[in-house]
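The values are calculated or read from the model by the stated rules, or taken from the named source; none is laboratory data. Quantities reported herein were computed from a predicted structural model and do not represent experimental measurements. Because the Cβ atoms are built from the backbone with ideal geometry, glycine has one as well, and the counts that use them run over all protein chains shown. For accessibility, only protein heavy atoms count, side chains too; no ligands or nucleic acids. Shrake-Rupley method; radii C 1.70, N 1.55, O 1.52, S 1.80 Å.
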Amino acid sequence: MNEHDSEIMAGMLTDEGFIQVDSRKDADIAIINTCSIRDNADKRFFGTLGQLKRRKKENPEFTVCVCGCMMQQQHVIDTIKAKYPWVDIIFGTHNIHKLPELLANIVAEKGKQIDVWPEGGEIVEGLPCKRLFESKALVNIMFGCNNFCTYCIVPYTRGRERSRKPSDIVNEVRNLVADGVKEIMLLGQNVNSYKGMEAGSEEVIDFAELIYMLNEIDGLERIRFMTSHPKDLSDRLIQAFVDCDKLCKNVHLPVQSGSSRVLKAMNRRYDKEKYLDLVGKLKAVVPGITMSTDIIVGFPGETEEDFEETLDLVRQVEYDSAFTFLYSIRKGTPAEKYEDQIPEDVKHERFNRLVDLINSISAEKNAAYVGRVEKVLVEGPSKTNSKTYTGRTDGFKLVNFQGTPEMVGQIVDVKITEGKTFSLEGQVI
């Protein structure tokens with residue numbers, strides 16, 4: 001979601017005549033788009049902001065903008081005003097469409113611009129976007145979250161759930177396909193709870209029905225989505241993996257913990273058994289489906305027994321990959337006040353054991369791909385070797401292979417020659 005917000009801001013600035021530069025030292029404007037999910041992101045933000053102070057001192061006309069989830073928290077704004085008064089523009093997650101106006105105000109010497117909305121208004125359609133990839137696109141279908149997991153700041157920074165009209169999403173995807181896009185990633189804090197309605201209609205289109213609608217678009221080849229809450233994963237959506245040939249056989253299903261006791265404390269509204277039941281349904285209906293997840297280590301009150309439940313779940317599911325996080329206190333969330341915080345050394349020890357297990361399973365599963373032929377959407381050359389190209393399989397496996405520039409944006413057949421922990425190696429057939 002943050003990445004797509006950045007694409008939109010880049011698109012708006014390009015439309016205003018600005019040119020993106022490769023190096024920060026060459027920029028007239030620097031925009032820091034922030035995330036508040038983890039403490040490390042906060043620290044990186046303030047570190048980066050400190051690095052820009054010298055540029056601002058050398059050139060007072062250098063414009064510094066900060067935006068995103070961190071700006072939706074008053075204590076962060078207060079810190080910036082007190083310690084970084086030279087920041088020119090502060091805005092939040094709900095009004096990125098106002099960036100050109102805020103910049104124009106700075107040019108007109110109207111002083112520091114602080115414009116943070118506590119809640120989102122009407123969804124603004126038709127904003128320009130400068131995509132990272134020509135053949136792939138990120139598509140917002142909804143904004144906000146109503147779940148209020150006790151560890152999570154997102155409902156407070158992204159606001160309540162708001163779904164886009166189905167027709168607006170379909171039209172956007174059609175326009176993207178006409179522009180060369182083959183794959184879309186549908187975005188939402190919880191895409192499963194999408195409830196779209198057309199103006200003047202009382203008919204509710206749920207997420208599964210939206211998938212079926214998008215599957216009918218000529219020229220579109222792949223549909224993905226992120227992120228998916230287990231409590232809202234319907235049988236109808238599971239069936240869509242069978243019926244919709246463009247829906248990739250891959251799902252990101254965040255579990256957060258394998259302990260039912262911890263899941264209850266997190267307010268996740270499912271338990272270990274319910275989660276494993278969903279996994280069983282997916283694997284039965286969609287043989288070979290690849291799965292990834294999010295796991296938090298060291299949530300307040302997590303015992304060794306609770307952590308062993310997480311390891312047991314990982315062994316049963318056999319994830320292809322996982323995003324693993326050390327729990328960090330988020331100011332303003334219920335878990336901030338929990339007294340039974342886990343010592344850092346215990347968190348790190350558990351984290352290392354979890355990562356070792358996940359990596360061993362991932363390496364074993366990737367090794368099984370050797371000899372198979374996979375269809376790979378070519379993204380472009382590797383950052384480290386211009387002759388090595390990278391792309392993704394239908395199951396979201398990263399594949400490296402020898403390629404040529406004309407392959408970019410095409411789906412090619414690649415025979416897998418080696419399976420590594422985090423990627424596959426192959427040869428184009």
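Could you list, in sequence order, the residues of segment 224-274 that are among the polar types (S, T, N, Q) and open to solvent by 60 Å² or more (accessible area, probe 1.4 Å)? Before you say what the answer is, go through the steps one by one.
Initially, segment 224-274 is screened for residues among the polar types (S, T, N, Q), giving 227-228, 234, 239, 250, 256-257, 259-260, 267.
Correct list: Gln239 only.
Having 1 or more residues that are at pLDDT below 95 and basic (Lys, Arg) is the bar; report the helices (runs of 4 or more DSSP H) wholly within segment 189-275 that clear it. Explain how you work it out, then say what you get.
Numbers: elements: 207-215, 235-243, 260-266.
Qualifying helices (runs of 4 or more DSSP H): none found.
Can you tell me which residue in segment 65-75 is farthest from Ile8 (Cα to Cα), limited to those that are part of a helix (DSSP H, G or I) and touching a Cys at 6+ places or on another chain (Cβ under 9 Å)? Steps first, please.
Here is the first cut: in segment 65-75, the residues part of a helix (DSSP H, G or I) are 69-72, 74-75.
Of the ones still in play, those that are also touching a Cys at 6+ places or on another chain (Cβ under 9 Å) are 69-70.
Values: Cys69: 16, Met70: 18 Å.
Only one residue fits best here, namely Met70.
Output the residues belonging to segment 1-24 that are in contact with a strand residue (DSSP E or B) (Cβ under 8 Å, 6 or more places away or on another chain), in a loop (DSSP other than H, G, I, E, B) and open to solvent by less than 50 Å² (accessible area, probe 1.4 Å).
Let us first name the residues in segment 1-24 that are in contact with a strand residue (DSSP E or B) (Cβ under 8 Å, 6 or more places away or on another chain), namely 1-7, 9, 13, 18, 24.
From what is left, the residues that are in a loop (DSSP other than H, G, I, E, B) are 1, 18.
Answer for segment 1-24, where residues must be in contact with a strand residue (DSSP E or B) (Cβ under 8 Å, 6 or more places away or on another chain), in a loop (DSSP other than H, G, I, E, B) and open to solvent by less than 50 Å² (accessible area, probe 1.4 Å): just Met1.
So is Tyr156 hydroxyl-bearing (Ser, Thr, Tyr), buried (at least 16 other Cβ atoms within 10 Å of the Cβ) and within 30 Å of Gln341 (Cα to Cα) or not?
Numbers: hydroxyl-bearing (Ser, Thr, Tyr): yes; buried (at least 16 other Cβ atoms within 10 Å of the Cβ): yes; within 30 Å of Gln341 (Cα to Cα): yes.
Here the answer is yes, as Tyr156 does meet what is asked.
Residue under question is Asp42, and the condition is that it be surrounded by 19 or more Cβ atoms within 10 Å (Cβ to Cβ), modelled with pLDDT under 90 and not hydrophobic (A, V, I, L, M, F, W, C); does it hold?
Numbers: surrounded by 19 or more Cβ atoms within 10 Å (Cβ to Cβ): yes; modelled with pLDDT under 90: yes; not hydrophobic (A, V, I, L, M, F, W, C): yes.
Yes; evaluated as a whole, the condition is true for this residue.
When you scan segment 345-356, how many residues do you find that are touching a residue at least 24 places away in the same chain (Cβ under 8 Å), in contact with a strand residue (DSSP E or B) (Cβ under 8 Å, 6 or more places away or on another chain) and not β-branched (Val, Ile, Thr)?
At the first step, the residues of segment 345-356 found to be touching a residue at least 24 places away in the same chain (Cβ under 8 Å) are 346-347, 350-351, 353-355.
Keeping just the survivors that are in contact with a strand residue (DSSP E or B) (Cβ under 8 Å, 6 or more places away or on another chain) gives 347, 350-351, 354-355.
When the remaining residues are screened for being not β-branched (Val, Ile, Thr), the result is 347, 350-351, 354.
The qualifying residues number 4.
With (1) outside any loop (DSSP other than H, G, I, E, B); (2) in contact (Cβ under 8 Å) with a residue 12 or more places away in the chain as the list, and Glu406 as the residue in question, which single condition is left unmet?
So the condition that Glu406 fails would be (2).
Please give the number of the condition Lys182 fails out of (1) over 15 Å from Asp245 (Cα atoms); (2) in contact with a strand residue (DSSP E or B) (Cβ under 8 Å, 6 or more places away or on another chain); (3) surrounded by 17 or more Cβ atoms within 10 Å (Cβ to Cβ).
So the condition that Lys182 fails would be (1).
Going through segment 396-429 one residue at a time, which ones are over 23 Å from the mean Cα position of the chain (by Cα), within 29 Å of Val355 (Cα to Cα) and open to solvent by 60 Å² or more (accessible area, probe 1.4 Å)?
Of everything in segment 396-429, those that are over 23 Å from the mean Cα position of the chain (by Cα), within 29 Å of Val355 (Cα to Cα) and open to solvent by 60 Å² or more (accessible area, probe 1.4 Å) turn out to be Lys415, Thr417, Glu418, Lys420.
Name the pairs: first residue in segment 191-216 and of a type in the set (Asp, Glu), second residue in a loop (DSSP other than H, G, I, E, B), Cβ to Cβ under 8 Å, at least 6 apart or on different chains?
Cβ pairs passing all conditions: Glu198/Lys165; Glu203/Met197; Asp206/Tyr194; Asp206/Ser234.
Looking at (1) under 30 Å from Ser36 (Cβ atoms); (2) exposed (fewer than 14 other Cβ atoms within 10 Å of the Cβ), which is the one condition that is false for Asp294?
Unmet condition: (2).
If you take the residues of segment 359-395 that are closer than 25 Å to Asp245 by Cβ and of a type in the set (A, V, I, L, M, F, W, C), which of them is surrounded by the most Cβ atoms within 10 Å (Cβ to Cβ)?
The qualifying residue surrounded by the most Cβ atoms within 10 Å (Cβ to Cβ) is Val376.
Which residues, counting only those in segment 316-336, are open to solvent by 70 Å² or more (accessible area, probe 1.4 Å) and either at pLDDT below 95 or outside any helix (DSSP H, G or I) (or both)?
Of the residues in segment 316-336, the ones open to solvent by 70 Å² or more (accessible area, probe 1.4 Å) are 316, 318, 323, 329, 331.
Answer for segment 316-336, where residues must be open to solvent by 70 Å² or more (accessible area, probe 1.4 Å) and either at pLDDT below 95 or outside any helix (DSSP H, G or I) (or both): Glu318, Phe323, Ile329, Lys331.
Residues are listed down the side, and each one gets a yes or a no for (1) closer than 15 Å to Ile31 by Cα; (2) in contact with a strand residue (DSSP E or B) (Cβ under 8 Å, 6 or more places away or on another chain); (3) without any contact (Cβ under 8 Å) to a residue 60 or more places away in the chain:
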residue	(1), (2), (3)
Asp88	yes, yes, yes
His97	yes, no, no
Leu102	yes, yes, yes
Ala108	no, no, yes
Ile114	yes, yes, yes
Trp117	no, no, yes
Ile123	no, yes, yes
Arg131	no, yes, no
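Among (1) under 17 Å from Val314 (Cβ atoms); (2) open to solvent by less than 10 Å² (accessible area, probe 1.4 Å), there is one condition Gly280 misses while meeting the rest; what is its number?
(2)
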